[in-house]
Amino acid sequence: MKQVKRKPLIAPEGPDDHAEVSLADGTWRDDGWYQNLILENLDLSGQKADDVVLERSHLRKVNLAQGRFGHVRLSDLIFEDCNLEGLRLEGAILERVEFRGCRLLGFAAPAASFEDVLFDHCDARYARLLDVKAGTLEWHSTMLLEASFQSAELTNTVFYNCDLRKSDFRESTLVGTDFRGSRLESLVIHPKDLLGAVIAPEQAVDLISLLGVQVSLSK
């Protein structure tokens, strides 16, 4: 696996003067600025808000399913065992964020920016990450069956021990993207898009059909 250096999360230092320190009524508000939150076992599903800033916080077993957040900025966060199914973060900026054991079926983050982000042991089947731009982005032991990374820039991305079967990488930039250790059967991709990607020798068998080559075991 390619070694990447993610920047560590910044620890809480105390809220800024104009930052919220709690979700007073359990509702995200437009232009809300939240810091140093420790949220656990909350149902915040189905909510919509724009231009939210959430930083230096830890969310554990929080339900944000089917939420819609536009131009949200997330930094120095841990999402642990959260339900983020169907969550949409359009045009989001994520910096130093970790998703641990989260349910992310159908998660969408079109045109988002990822910098120093980790997805670890998550279920992100059918995720939609079109047009994303990634700095340092790591996926570890994550289910990404039929996910879409169309037109994404993933030049410093690692997929380690992930299930990427039937995932869509058409028109993506994959120079230096490390796929070693992941399942790549039936990948949806153009041969030209694979230029510069890093794979293991045994994975070449899964991708050779893209070149129109038939492998025969007969003499």
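Laboratory data are not the source of any read-out in this text; all were calculated from the coordinates shown. Please read all numbers here as calculations on a predicted model, not as lab measurements. Using ideal geometry, Cβ is built from the backbone for each residue, glycine included, and neighbour counts are taken over all protein chains shown.
Numerical summary
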{"item": "Some residue of segment 77-92 being over 16 Å from the mean Cα position of the chain (by Cα) and part of a strand (DSSP E or B)", "result": "no"}
{"item": "Condition met for Asp131 (outside any loop (DSSP other than H, G, I, E, B) and among the acidic types (Asp, Glu))", "result": "no"}
{"item": "Pick from segment 166-176, criterion out of contact with any helix residue (DSSP H, G or I) (no Cβ under 9 Å at 6 or more places or on another chain) and of a type outside the set (A, V, I, L, M, F, W, C), ranking: nearest to Ser151 (Cα to Cα)", "result": "Asp168"}
{"item": "Qualifying residues in segment 139-153 (those that are among the aliphatic types (A, V, I, L, M) and in a loop (DSSP other than H, G, I, E, B)) - the one farthest from the chain's Cα centre (by Cα)", "result": "Leu145"}
{"item": "Every residue from segment 18-64 that is of a type in the set (Val, Ile, Thr) and surrounded by 19 or more Cβ atoms within 10 Å (Cβ to Cβ)", "result": "Val52, Val62"}
{"item": "Residues of segment 154-209 that turn out to be loosely packed, with under 15 Cβ neighbours inside 10 Å and assigned to a helix (DSSP H, G or I), as a count", "result": "8"}
{"item": "Identity of the residue in segment 98-112, over 10 Å from the mean Cα position of the chain (by Cα) and of a type outside the set (D, E, K, R), that ends up farthest from Asn63 (Cα to Cα)", "result": "Ala111"}
